[in-house]
Amino acid sequence: MFNITIIILIILIFQKIFLLNEETLILFCFISFIWIGLKQVGNLIYDNLEEQSNKIENLLKKSLKQTSISLKKYISLKLKLNLLISSFKKLGDHFYKLITLTINKIPLYQKQQLTLIYLKRLLFIRRIEQQVSKLIPLLISSRLVNITDLKYFYTINFKINYFSCLQKISIREYIKLVLIKI
């Protein structure tokens, strides 16, 4: 290719289509220098550029992979956070329902407890009353026995007019009662 270009240039110069002066020679030298340099160094530059492009490609792939991993982690954390928020909301709703039910049931529970306590107290008082009602007649009869014994003792041993009069009155009453029944 270089040979064809030189032949074409020589033909153009001899035909005086292309002028050969200092500037053209400098341009020709510059172009040939660049062309020879590219031929000699072109593979090295191409290999260097290829190596740099491969490095950049690998860096971009790694960066994209890391970005996709971090995006997946972010999405996963976002989903977990949303799930956690919804779970806390559900927990709050359940807690609210529990507190509401508890508050509504506390007066009923207190009423039942008070009823139970008062019922126990009433049963206790009733038992005491029954025992007292059994005890009082026993005490009264015991006192009456003591009183009659004392009265009998006083009437027989002391000869007091009051007691003798009482005895006579009681004997008359007994006689009347016996007569009425007959």
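Looking across the range 90-103, not a single residue is aromatic (Phe, Trp, Tyr) and loosely packed, with under 10 Cβ neighbours inside 10 Å. Name the pairs: first residue in the range 3-28 and at pLDDT below 80, second residue among the β-branched types (Val, Ile, Thr) and part of a helix (DSSP H, G or I), Cβ to Cβ under 6 Å, at least 6 apart or on different chains? From the range 3-28, the pairs are 20/13.
Quick one: which of 87, 133, 76 is part of a helix (DSSP H, G or I), surrounded by fewer than 10 Cβ atoms within 10 Å (Cβ to Cβ) and among the polar types (S, T, N, Q)?
Details: 87 fails: surrounded by fewer than 10 Cβ atoms within 10 Å (Cβ to Cβ); 76 fails: surrounded by fewer than 10 Cβ atoms within 10 Å (Cβ to Cβ).
Sole residue among the options that is part of a helix (DSSP H, G or I), surrounded by fewer than 10 Cβ atoms within 10 Å (Cβ to Cβ) and among the polar types (S, T, N, Q): 133.
Per-residue answers, yes or no, for (1) more than 60 Å from the chain's Cα centre (by Cα); (2) modelled with pLDDT under 90; (3) among the small types (Gly, Ala, Ser); (4) exposed (fewer than 10 other Cβ atoms within 10 Å of the Cβ):
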| position | (1), (2), (3), (4) |
| --- | --- |
| 123 | no, no, no, no |
| 129 | no, no, no, no |
| 151 | yes, yes, no, no |
| 155 | yes, yes, no, no |
| 160 | yes, yes, no, no |
| 179 | yes, yes, no, yes |
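The values are calculated or read from the model by the stated rules, or taken from the named source; none is laboratory data. These numbers come from a predicted model, not from an experiment. When we count neighbours, we look across all protein chains shown, and the Cβ atoms used for this are built from the backbone with ideal geometry, even at glycine.
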